[in-house]
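Beneath this line is the structure, given in structure tokens, with notes to follow.
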Amino acid sequence: MVRRSTLALVAILIGILGLSGCSASSQSLLDRVKDEGVLVVGTEGTYSPFSYQGDDGQLTGYDIDVINAVGNELGVRVDFVQTPFDSIFAGLQSQRFDLIANQVSITPARQSAYDLSTPYTVSEGQILTAADDSTITSLADLTGKTTAQSSTSNWAEVAADAGANVEAVEGFVQAVTLVKDGRVDATVNDSLAIAEYLQQTGDTGVKIAGETGDTTLQSFVARKNSGLMDEVDTAIDTLRENGTIAEISNKYFGSDVAAPTADTVVPESDDASSTAPSKMQLVLDNLWPMLKATVTMTIPLTAISFVIGLVIALAVALARISSITPLAAVARFYVSIIRGTPLLLQLFIIFYGLPQFGIVISPFPAAVVAFSLNVGGYAAEVIRAAILSVPKGQWEAAQTIGMGYRTTLQRIVLPQALRTAVPPLSNTLISLVKDTSLASTILVTELLRVAQLAAAPTFDFFTLYTVAALYYWVICIVLSFFQGKLEVRLDRYVAK
């Protein structure tokens with residue numbers, strides 16, 4: 001079985017390398033946009049003042065207004081798809097949308113991998129720290145410190161180049177929250193976004209500690225060789241010349257933040273493409289880091305959470321079938337809360353919500369708490385059903401020979417119930433293996449997060465995400481194998 005799984009893994013890896021090199025449709029993006037009359041744009045929707053939800057629930061912001069104006073110049077309607085910034089380039093490559101409008105800074109690596117428009121915004125970088133932190137005043141002070149950044153943003157690269165340890169987050173607001181909670185030392189971001197945040201929130205828990213000293217230019221992004229950017233560039237030039245961009249800038253910032261001319265584009269690096277690793281090399285370079293994350297984070301997180309979750313589940317299941325009404329009611333309420341709310345929300349409440357009450361839990365323990373509680377809620381019903389499936393006569397027979405409640409459970413009921421519970425509990429365990437990927441949202445560097453971090457500078461999301469999927473698949477195959485062995489072993493408790 002192991003040999004077959006290994007051969008299948010190798011074959012799939014070879015298929016990935018071939019498939020990920022394939023190109024898409026022959027019709028240019030420009031032709032399709034013109035034919036359909038719609039330009040589909042990817043944006044965060046949570047990055048004020050560039051892209052956010054207005055009071056009416058509609059998308060608004062500087063980037064939204066500018067790209068709508070560009071759409072008017074092109075004679076097409078603009079439709080928006082909201083996505084986290086860490087997923088935005090993957091969404092573009094998978095053709096979920098045609099263009100990114102989300103303050104994407106121009107870098108040589110992005111110029112090599114994508115079509116970038118004429119810049120429409122110019123800004124500077126700033127360092128945001130806790131208000132009482134006096135240890136950071138410049139980029140040089142970030143050496144050895146921890147910053148929170150979107151892994152695919154240029155600010156993550158700026159922080160890493162300064163010697164910081166970068167923790168990947170989904171957006172600016174999460175980064176600020178981590179700074180205020182003391183989980184990270186700083187975050188580096190766009191001066192315009194920071195100014196807007198401080199103005200809108202009046203947050204005194206953070207401060208601008210220093211400048212990065214560099215000027216960045218932002219552009220719209222499309223897939224390579226889209227054929228779209230010539231007309232987008234013409235539209236931006238027109239909007240710059242007729243004052244539309246300046247008007248939008250003043251609306252949101254009180255000043256003109258538009259890049260002055262198209263000539264300010266960052267020069268493309270001559271060796272940007274030549275230094276990019278091949279797909280095979282990319283896979284080989286990341287097989288060990290991903291395996292290490294699997295062994296040191298994903299598997300321990302699964303195992304610890306499952307064991308604790310089973311203990312909780314057994315207690316809740318016994319409470320559910322208890323004759324003590326208040327105890328049974330509390331157990332039902334617990335199960336209802338766990339099964340009625342998303343696991344991701346439970347993670348966020350424990351990691352981001354509890355610090356507001358002075359309870360700060362480190363990432364890995366926070367993930368263990370959330371996953372254990374979640375497993376407890378679901379597995380409790382499995383165990384309860386398994387216990388109730390044991391014929392009532394078994395309880396009565398045990399009582400007639402003088403066995404107490406605990407002894408009856410331990411010697412008679414639970415061994416029989418275990419055989420019934422193994423298949424659904426195994427499904428819970430396998431689901432937990434995959435659910436641990438959500439821990440990446442609270443700074444746990446498990447398998448999926450390692451894949452995301454590796455894909456961020458290369459933009460080869462398909463290859464690395466598929467390799468990560470194969471790791472999860474192999475773990476689940478191994479667990480299924482042991483599940484079968486355990487079921488056979490427990491058959492001795494079942495009357496034939």
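Odds and ends about this structure:
- The range 60-112-the range 139-176 distance, computed between alpha-carbon centres (Å): 23
- Gain on full stretching of the segment that runs from T238 to D181 - 0.36 nm per residue minus C-alpha separation: 16.0 nm
- Here the spin labels are modelled as points 7 Å beyond Cα on the Cα-Cβ line, and at D79 and D256 they lie 3.6 nm apart.
- Rounded to the nearest 0.05, the FRET efficiency derived from the C-beta distance between I299 and E211 at R0 = 41 Å is 0.45.
- Checking (1) 88, 56, 48; (2) 95, 53, 45; (3) 68, 54, 47 against Cα extents along the principal axes in Å calculated from these atoms, the matching label is (2).
- Accessible surface of K485 - all protein chains present, 1.4 Å probe, nearest 10 Å²: 120
- Charge dipole magnitude, Cβ of K and R +1, D and E -1 - the chain, Cα centre, debye nearest 20: 4280
- Cross-link reach list, lysines versus K434, counting only Cα pairs under 26 Å and skipping chain neighbours closer than eight places: K279, K292, K485
- Spin-label model, Q199/T400: points 7 Å from Cα along the beta carbon direction are separated by 8.3 nm.
- Rounded to 10°, Cα long-axis angle of helix 2-19 versus longest principal axis of the chain: 20
- In plain terms, the chain from E36 to K485 could stretch by 156.0 nm, reckoned as 0.36 nm per residue minus the Cα-Cα distance.
- Using alpha-carbon coordinates, inclination of helix 62-74 to the longest axis of the chain, degrees: 60
- About its Cα centre, the range 153-269 has a charge dipole of approximately 360 debye under the convention of +1 per Lys or Arg Cβ and -1 per Asp or Glu Cβ, with nothing else charged.
- Only Lys, Arg (+1) and Asp, Glu (-1) charged, at Cβ; the range 332-465 dipole about Cα centre in debye: 480
- Amide hydrogen neighbours beyond the local backbone of R77, cut-off 5 Å, H modeled: V38, L39
- Candidate residues S437, S105: accessible-area rank, largest first, probe 1.4 Å: S437, S105
- Once backbone amide H atoms are built at 1.01 Å from N, L59 has G54 as its partners under 5 Å, excluding neighbours fewer than 5 places away on the same chain.
- Here's the picture: charge each Lys and Arg Cβ at +1 and each Asp and Glu Cβ at -1 in the chain, and of Q399, G353, A130 the one pushed furthest to the positive end of that dipole is Q399.
- Full-stretch length increase - I477, Q95 - with 0.36 nm per residue and alpha-carbon distance subtracted: 134.4 nm
- V166 long-range amide H proximity, modeled H, under 5 Å: T147
- Residue-averaged 222 nm ellipticity for the chain, from DSSP H runs of 4+ at -39500 (n - 2.57), nearest 500: -17000 deg cm²/dmol
- Gap separating the Cα centres of the range 25-59 and the range 315-349, nearest whole Å: 42
- Label point 7 Å beyond Cα of D285 along Cβ direction - residues of the range 441-460 with amide nitrogen under 11 Å: 454-460
- Per residue, the accessible area of the chain comes to 47 Å², computed with a 1.4 Å probe over protein heavy atoms only.
- When the chain is described by a simple charge dipole with +1 on each Lys and Arg Cβ and -1 on each Asp and Glu Cβ, the residue from V433, P363, A456 located farthest towards its positive end is V433.
- Of the residues A69, I475, I100, the one whose Cα sits farthest toward the positive end of the charge dipole of the chain, with +1 on the Cβ of Lys and Arg and -1 on the Cβ of Asp and Glu, is I475.
- Accessible surface of the chain [probe 1.4 Å, protein heavy atoms]: carbon and sulfur percent: 57
- Computed from label points 7 Å out along Cα-Cβ, the spacing between I359 and A131 is 2.5 nm.
The values are calculated or read from the model by the stated rules, or taken from the named source; none is laboratory data. This one's a predicted model, so the numbers in the text were calculated from it and none came from an experiment. With ideal geometry, Cβ positions are generated from the backbone for all residues, glycine too; neighbour counts draw on all protein chains shown. Please note that ligands, DNA and RNA were not included when accessible areas were found on the heavy atoms of the full protein model with its side chains. Shrake-Rupley method; radii C 1.70, N 1.55, O 1.52, S 1.80 Å.
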